[in-house]
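Asker: Okay, here's the structure, questions in a sec.
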Amino acid sequence: MLKEQLKNYNLILASGSPRRQQFFKELDLDFTIDIRSVEELFPDHFKGNEITDHLAKLKASVFTDLQPKDILVTSDTIVWHNNKALNKPQDREEAYEMIVSLSGNTHEVITSVCFTQKDEQHIVNDTTKVTFKELTPEEINYYIDNFQPYDKAGGYGIQEWFGYIAVTHLEGSYFNVMGMPLHKVYKMLMKITGS
């Protein structure tokens, strides 16, 4: 299948996320990891997937040495709530505030994935709606203290204890909430490699 179609390509995942790396392994893909730093800034007026599209492309822009058979995959995920992007919390206080704002509400998780080759670029994005129950301060504190969710947009990981107790409704791709809409990634890679 896809692994066979990719055998003449060099698939590069530009992500330090252990979840995204695990996804590529579980898709049975041969890939290399290449992470290059970029300042993740976006215009203030951008909303929703405009932000994630921009940042996914921005992360690809520092790869100026791609070869003809390279396929570079970059991505970005945000939690979008009350017309505002929630990125990764900087500290405990910010993580607590983020989770309090999501408690008892529905928010969107938006991920964009950019596929960059030497002469062309494609982007896909996906949105999942996630509803949380009303959370107690004790539940929020327990989660932050025991799971340190500082590397996760919105301050939580759906695949952890918190997701088990907090999520009451999900509309869309579960994997998108973990940082990669796998059904769309698979489809785009199949398309790029000729099927």
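The values are calculated or read from the model by the stated rules, or taken from the named source; none is laboratory data. As the structure is a prediction and not an experimental result, all values here were calculated from the model. As a convention, Cβ positions derive from the backbone with ideal geometry for all residues, glycine included, and neighbour counts pool all protein chains shown.
Asker: Search region 167-195 for residues that are touching a residue at least 24 places away in the same chain (Cβ under 8 Å) and surrounded by fewer than 16 Cβ atoms within 10 Å (Cβ to Cβ) and pair each with any residue that is assigned to a helix (DSSP H, G or I) and of a type outside the set (Asp, Glu) when their beta-carbon atoms are under 7 Å apart and the residues are at least 6 apart or on different chains.
Answerer: Listed pairs, sorted by first residue: Tyr186/Leu2; Met190/Leu2; Met190/Gln5; Gly194/Gln5; Ser195/Gln5.
Asker: Residues that are modelled with pLDDT of 95 or more, surrounded by 13 or more Cβ atoms within 10 Å (Cβ to Cβ) and farther than 21 Å from Ile33 by Cα: does region 114-124 have at least one?
Answerer: No, that holds for no residue.
Asker: Going through Leu58, Leu66 one at a time, which residue ends up being within 16 Å of the chain's Cα centre (by Cα) and of a type in the set (A, V, I, L, M, F, W, C)?
Answerer: Going through Leu58, Leu66 in turn, the sole match is Leu58.
Asker: With (1) under 29 Å from Phe147 (Cα atoms); (2) in contact with a Pro (Cβ under 9 Å, 6 or more places away or on another chain); (3) at pLDDT 95 or above as the list, and Lys88 as the residue in question, which single condition is left unmet?
Answerer: Result: Lys88 passes all but (3).
Asker: Just to be sure I understand the filter: pairs with C-beta atoms under 9 Å, separated by 6 or more residues or on different chains, first member in region 119-133 and without any contact (Cβ under 8 Å) to a residue 40 or more places away in the chain, second member among the aromatic types (Phe, Trp, Tyr) and part of a loop (DSSP other than H, G, I, E, B). Which pairs pass?
Answerer: Cβ pairs passing all conditions: Phe132/Tyr156.
Asker: Quick one: in region 125-136, which of the residues that are among the polar types (S, T, N, Q) and touching a Leu at 6+ places or on another chain (Cβ under 9 Å) is surrounded by the most Cβ atoms within 10 Å (Cβ to Cβ)? Show your work before the answer.
Answerer: As a first pass, look at region 125-136 and keep what is among the polar types (S, T, N, Q): 125, 127-128, 131, 136.
If we keep only those that are touching a Leu at 6+ places or on another chain (Cβ under 9 Å) as well, we get 128, 131.
On the way: Thr128: 20, Thr131: 15.
By that ranking, first place goes to Thr128.
Asker: May I pose another question? If we scan region 45-64, do we find a residue that is modelled with pLDDT of 95 or more, of a type in the set (Asp, Glu) and closer than 21 Å to Tyr9 by Cα?
Answerer: If we filter region 45-64 for residues that are modelled with pLDDT of 95 or more, which is where we start, we get 45-64.
Narrowing the set further to residues that are of a type in the set (Asp, Glu) leaves 50, 53.
Still in the list and also closer than 21 Å to Tyr9 by Cα: none.
There is no residue in region 45-64 that is modelled with pLDDT of 95 or more, of a type in the set (Asp, Glu) and closer than 21 Å to Tyr9 by Cα.
Asker: Determine, yes or no, whether Leu72 is buried (at least 16 other Cβ atoms within 10 Å of the Cβ), farther than 22 Å from Asp126 by Cβ and touching a Leu at 6+ places or on another chain (Cβ under 7 Å). Explain how you work it out, then say what you get.
Answerer: Details: buried (at least 16 other Cβ atoms within 10 Å of the Cβ): yes; farther than 22 Å from Asp126 by Cβ: no; touching a Leu at 6+ places or on another chain (Cβ under 7 Å): yes.
No: the conditions fail for Leu72.
Asker: May I pose another question? Checking the conditions here, which among Asn10, Asn87, Asn83, Asn49 is at positive phi and touching a residue at least 12 places away in the same chain (Cβ under 8 Å)?
Answerer: Numbers: Asn10 fails: at positive phi; Asn87 fails: at positive phi; Asn49 fails: at positive phi.
From the options Asn10, Asn87, Asn83, Asn49, the qualifying one is Asn83.
Asker: Could you list, in sequence order, the residues of region 139-157 that are within 12 Å of the chain's Cα centre (by Cα), part of a loop (DSSP other than H, G, I, E, B) and surrounded by 15 or more Cβ atoms within 10 Å (Cβ to Cβ)?
Answerer: Keep residues of region 139-157 that are within 12 Å of the chain's Cα centre (by Cα), which gives 151-154, 157.
Still in the list and also part of a loop (DSSP other than H, G, I, E, B): 151-152, 157.
Matches in region 139-157: Lys152, Gly157.
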